[in-house]
Every structure is written in structure tokens, then in C-alpha cells.
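One structure is given below, encoded as C-alpha cells.
The values are calculated or read from the model by the stated rules, or taken from the named source; none is laboratory data. The shown structure was predicted, so the numbers you read here are calculated from the model rather than taken from an experiment. Note that we place each Cβ from the backbone using ideal geometry, even for glycine, and neighbour counts take in every protein chain shown. Ligands, DNA and RNA are excluded from the accessible area calculation, which covers all protein heavy atoms including side chains. Shrake-Rupley method; radii C 1.70, N 1.55, O 1.52, S 1.80 Å.
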Amino acid sequence: MALPVRGNVKYLFQFIQKRRSPKRLFCAGQCADGKEPPGGRVFSGIQPTGVPHLGNYLGALESWVSLQNQYPSVLYSIVDLHSITQPQDQALLRVNILDMAASLLACGINPETSILFQQSQVSEHAQLSWILSCLTSMPRLRHLPQWKMKSKQKNEGSVGLYTYPVLQAADILLYKSTHVPVGEDQVQHLELAQDLARIFNNTYGDFFPEPRALLSSTRKVKSLRDPSSKMSKSDPQKMATVNLTDSPDDIVLKIRRSVTDFTSEVTFDPEVRPGVSNLVLIHAAVAGCTVEEAVGWAKGLDTGKYKQLVAEAVVQRLTPIREEIERLRGDRGHLERLLAHGAQRARELAAPVLKEVRHRVGFC
């Protein structure tokens, strides 16, 4: 039986669309009831695709680690509910969840400082997602760029693929999150979370803060074989992606075979020399220096010798991470207990929020 939709929802959608402004992405998130955690609360999630690659680490995970020391309340979720919008092998998914947990810990996520948990183990995510989906219009979801892209690839795709941005919004709002680290390709999905916070507040009374985007300062790492595309685990070319568990020999080989050009001097010009510029960005990121400093270190080197310099820097940065991932993988029970404890802590925050949402909606 269909539930009736409140009469003012359509008006609210029209009102929000008229007032959309990019500036709102950077407005401070603030709870209307004045009970926002001091300094704010950070939430972000990552799909359990197994061990991350270098682009994941430099583009997101490295900043996740630093955020632990900047905000008093930080939650990081392995979003396995999102992962099943694509067909999954059940046994592999279980392995990938634990591999992702091991990788996050090895990269520096501290389960004492942050709450690290498996999304599907906190049922409040799905419950809030349903409530928010009843406040979301189909045209609003249809205009999101990832649906346009992925539905073409999959001949329309599943209902889950269509509505998963609402689940993303629920992930964020469930903890009254004030800050969300996102890449540029996720900004419009965060806008949906901001819209839904406003729609709920206007419909049921002030409750949710409007979450603020924390855009990463690290540029996207490109494919080593096709610098016009970002580095991706799904890339069919094995030489295109550096995984965090690659051996030093594998890393050296992949970078040595990376696509550059016929100019031997090392310069930074992403438009004209995307391949060389990608190596410079990687070098600067793993060495903790500026692009200008990386180019300065390359003075007098041709691109062949520079590749060796970059490979050595990447190996030095990733070796302790690779070793820690392998150590943690060897203790499955420890990872399962850690995620279970994280889920318990997450539920302690989520349950009272959902209880209040249910009350305001009229369920109890």
C-alpha cells in the first residue's frame, strides 16, 4: 500500500532548485538544535573493492588519516550496501570487506580515534534511506551524473543503482555529520544530502545540519597507461594501476612502463604533457613536496631516469603499508572483532537520531 506524500514536498523541491548555489557546499554545517558536536563531525565511506590503489590512498585515505586529528568525532564506513548495486560474488565480498578494513588500518585509520564500521551492520542506514527516499523526486535522481553514466553502461541499471545517492545521504545525515570529505565527482551527491536535510527540516522541524564538503587538495592520480583517465582498480590493463600491496618490483615495472612522451626533459604541463605531469604529481604527493620542488629534483634527468626516482619514492612510501596489510590479513578474527565493535559504537550514535526521525515522521 502506497503511503500518502505530504502536499508541500513538491513546493519544497521547486523552492530548493530556485535557490541552488555552489556556495552552499562550503557553508558551515550547524545543527539547528544547537547540539552539534564541538568542532563538528566527519563522515565518509568507501566501497569494499578489496585492497585500495595508489589513487585511492593519495586522493582520499591520506586525508582521512589527517582528519582524525582535526575533528573530535570521525566515522569511516565500509559501505557494503552500496557495493551490491553491482553483481557481487558473496565469498569475494566477505574477503573484500576484511581486506578493506586491513587496508584502512594499515594506512593509518585509528579505531580508537575514529569509528570504523561495516555499513550493513547498522540497520538504521537502510531505515533512514527509505524515509528520505519518500522525500526525493525521481527527476532529482535522474539528473545525477553517475546515474546517467552507469545506467547507459548497464541498460538502465537496477533500482538500487538509481536510489543509492539517497542511501549516501542517509549515511551522512544519520550521524548529523557536519563535514564530508569528497572528490569533485561526488559533489552533486553531497548536494542531495544538503537538499534532503533542508526538505526534512522544512517538513518536520529543524533537526539535521547541512553537511559541508571537504574537498581534497590532492589532484586525481591518472592511469599509468592512459593519463586521460583516472587510476582505477577495474582498468583491464594491469600496468595502469599501482595497488597498495604491489611488490617493489611490480611498482618499479609499472612506473617504468608508464606512458610519457618523446620529450626527455621533465616539466609539469597537464594539458600538453599529461603522462609526465601525472608522474610529477605522484612524486610530489608521496614525497610530501610541491610540484615545483618535484620538478626541481628532476632537473638534469631525462624521463627514463625520472621514472626510477618516482618509483623509488613510491616504494618507500608504500612498503610499510603493504607489510602492515599482510600482517592484518593474517588475523581475520581481529578484523571481525574490530568491525563489530565499530558497528556497536556507530549504532549508539545512530539509534537516537533515527528514533527522533521516526517520531517526527509520525511512526511513534
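What the table below lists for this structure:
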item: Nearby aspartates and glutamates by direct alpha-carbon distance to K222 (threshold 18 angstrom, same-chain neighbours under 8 apart not counted); result: E62, E184, D185, D235, D246, D250, D261, D269, E271
item: Helix axis angle, 187-204 relative to the chain longest principal axis, alpha carbon, degrees; result: 10
item: Sites E336 and F262, calculated FRET efficiency, Cβ-Cβ separation with R0 51 Å, nearest 0.05; result: 0.45
item: Where E336, E112 fall by accessible area, highest first, once all protein chains stay in place (1.4 Å); result: E112, E336
item: Ranked by how many other beta carbons lie within 10 Å on average, peptides 354-364, 164-174 from highest; result: 164-174, 354-364
item: Net length gained if the chain between S247 and N110 were fully extended (0.36 nm per residue, minus Cα distance); result: 46.8 nm
item: Cα-based helix-to-principal-axis angle, 124-133 vs the chain, degrees rounded to 10; result: 70
item: Residue with peak Gaussian network fluctuation, the chain [Cα springs, cutoff 10 Å], from A346, A91, A213; result: A91
item: Selection from V187, T203, S66 lying farthest towards where the dipole of the chain points positive, charges on Cβ; result: T203
item: Net charge contributed by nearby residues that have their C-beta within less than 12 Å of P236 (K/R +1, D/E -1); result: +1
item: Options (1) 128, 50, 36; (2) 61, 43, 42; (3) 69, 48, 43 - which one matches Cα extents along the principal axes in Å as calculated here; result: (3)
item: Region 248-328, accessible area per residue, ligands and nucleic acids excluded (1.4 Å, Å²); result: 53
item: Unit charges on C-beta of K, R, D, E only; dipole of the chain, Debye; result: 1160
item: Dipole magnitude of region 248-328, debye to nearest 20 (Cβ charges: Lys/Arg +1, Asp/Glu -1, about Cα centre); result: 160
item: Which listed pairs, of K220/K305; K238/K299; K176/K220; K254/K299, have C-alpha distances above 26 Å, in listed order; result: K238/K299; K176/K220
item: Residue among W64, W130, W297 with the largest mean-square fluctuation in a Gaussian network model of the chain, springs linking Cα atoms under 10 Å; result: W297
item: The chain: antiparallel DSSP beta bridges as a percent of all, rounded to 5; result: 15
item: Linear extension gain, D206 paired with S66, 0.36 nm per residue minus alpha-carbon span; result: 47.3 nm
item: With DNA, RNA and ligands ignored, accessible area of V221 (1.4 Å probe; Å², nearest 10); result: 20
item: Mean separation of Cα contacts under 8 Å (6+ apart) over length of the chain, as relative contact order %; result: 22
item: Distance (nanometres) between label positions extended 7 Å along Cα→Cβ at E323 and K355; result: 4.7
item: Residue-count net charge about I255 - beta-carbon cut-off 13 Å; Lys, Arg +1, Asp, Glu -1; result: +4
item: Pair C134, Q88: separation of 7 Å Cα→Cβ label points (nm); result: 2.7
item: Of R329, R140, R273, the one that fluctuates the most in a GNM where the chain has Cα springs shorter than 10 Å; result: R140
item: Angle in degrees between helix 90-107 and the longest Cα principal axis of the chain, rounded to the nearest 10; result: 70
item: Residue-span extension gain [C289 to V95] - 0.36 nm each, minus C-alpha spacing; result: 66.3 nm
